[in-house]
Amino acid sequence: MLLFGAPSAWAQSAAAEGQKIAFDRSKGNCLSCHQIRGGDLPGSIGPELKDLKSKYPDRNDLVAIVTDETKRNPQTVMPPFGRNHVLTGQEINAVVDFLQTL
């Protein structure tokens with residue numbers, strides 16, 4: 001029986017993988033620019049990443065930001081992780097799963 005509101009083991013696993021990618025200094029490296037709960041030595045270039053599920057209720061908006069924010073904001077300093085093939089689509093989805101837990 002699936003309980004609504006309770007995170008599935010798969011969702012928790014995807015979010016945990018996303019956190020690993022986000023905190024990995026050689027991969028997602030989100031901490032170089034953002035303050036994230038649980039992260040060490042955060043940067044201050046980008047906004048603090050918190051309450052993202054309420055700010056972006058449609059997860060596709062976060063996927064688009066991580067994939068290539070320049071499409072929405074050509075002046076952004078946010079790296080286009082998808083367009084530059086730094087992260088795969090699966091990795092971007094995992095990072096978004098993590099971001100939605102913040």
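Neighbour counts of C-beta atoms inside 10 Å place D24, D58 in the sequence D58, D24, starting with the fewest. Gain on full extension, evaluated as 0.36 nm per residue between M78 and I45 minus their Cα-Cα distance, stands at 10.9 nm. All C-alpha pair distances within the chain, sorted into 10 Å bins from zero, spread as 16, 50, 28, 6, 1 percent across the bins. Entry note, the chain: the mean residue ellipticity at 222 nm calculated from DSSP H runs of n ≥ 4, each adding -39500 (n - 2.57), is -11500 deg cm²/dmol after division by the residues and rounding to the nearest 500.
Only the coordinates and a few stated rules stand behind these numbers; no lab work does. Note that the coordinates shown come from a computational prediction; the quantities given were computed from them, not determined experimentally. Heads up, the Cβs are rebuilt from the backbone with ideal geometry, glycines too, and the neighbour counts pull from every protein chain shown.
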